[in-house]
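Take a look at the structure set out below.
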Amino acid sequence: MSIFYFAYGSNMLPARLAARCPSAKLIGRAHAPGYRVRFAKRGMDGSAKATLVTSEGAASGVLFTLDPKDLAALDRAEGAGRGYDRLDDFSIRHDGQSLMP
C-alpha cells in the first residue's frame with residue numbers, strides 16, 4: 001500500500017527524498033489549496049526552512065507516493081517535535097483532481 005506525499009522545499013528533489021524514503025516515486029506537480037510555502041521555520045543550523053502556512057491561493061509542490069513505513073525516517077530527518085509537525089489531513093490538486101495525501 002502506498003500513500004500520497006506532497007513535497008515542498010528541498011523535498012521536491014527526487015534524489016533528496018529518495019535518500020530519506022527509498023520507496024518514493026515521483027507523480028508530478030501538485031498544489032495545496034489554502035496553503036502557501038513560507039520560510040518561517042528556523043533550522044538547527046540557523047537557516048530558514050520551508051513550512052506550509054494557511055493562506056489564500058495554493059502552494060506549489062511535487063506529489064510522490066511513499067510506503068507508510070518510510071514516514072518515521074522522514075519525520076526524523078525533518079525534525080519532528082522540534083518545530084515540525086507532519087500534516088496528513090489536507091487536500092492536494094494534481095491534474096485537475098483533488099486528492100488527499
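Only the coordinates and a few stated rules stand behind these numbers; no lab work does. All figures in this text were calculated on a predicted structure; none of them were measured in a lab. We place every Cβ from the backbone using ideal geometry, glycine too, and count neighbours over all the protein chains shown.
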Inset, instruction - Name the residues whose placed amide hydrogens come within less than 5 Å of the amide hydrogen of K41, ignoring near sequence neighbours (fewer than 5 apart) on the same chain. - result: K49, T51
Inset, instruction - Fewest Cβ neighbours within 10 Å first, please rank M44, M12, M1 accordingly. - result: M1, M44, M12
Inset, instruction - Give the long-range amide H neighbours of S55: residues separated by 5 or more places, or on another chain, with amide H under 5 Å away, using H modelled in the peptide plane at 1.01 Å from N. - result: Y35, R36
Inset, instruction - May I ask you to sort F90, F6 by Cβ crowding, counting other Cβ atoms within 10 Å and putting the fewest first? - result: F90, F6
Inset, instruction - Residues in region 15-48, backbone N under 19 Å from the label point at D67 (7 Å along the Cα-to-beta-carbon vector): list them, ranges by number please. - result: 15-27
Inset, instruction - Tell me which residues come under 5 Å, amide H to amide H, from A30 once H is placed; ignore anything under 5 positions away on its chain. - result: G61, V62, L63
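I want the antiparallel fraction of DSSP beta bridges within the chain, as a percent rounded to 5.
Once the DSSP bridges in the chain are tallied, antiparallel ones form about 95 percent.
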Inset, instruction - Would you kindly derive the ³J(HN,Hα) couplings of region 11-20 from the backbone phi angles with the Karplus curve 6.51 cos²θ - 1.76 cosθ + 1.60 (θ = phi - 60°), listing them in order in whole Hz, with x for Gly and Pro? - result: 6, 5, 6, x, 5, 5, 5, 5, 5, 8
Legend entry - Per-residue ³J(HN,Hα) for region 29-46, Karplus 6.51 cos²θ - 1.76 cosθ + 1.60, θ = phi - 60°, Hz, x for Gly and Pro: 5, 8, 9, 10, x, x, 9, 9, 8, 9, 8, 10, 8, 8, x, 4, 8, x
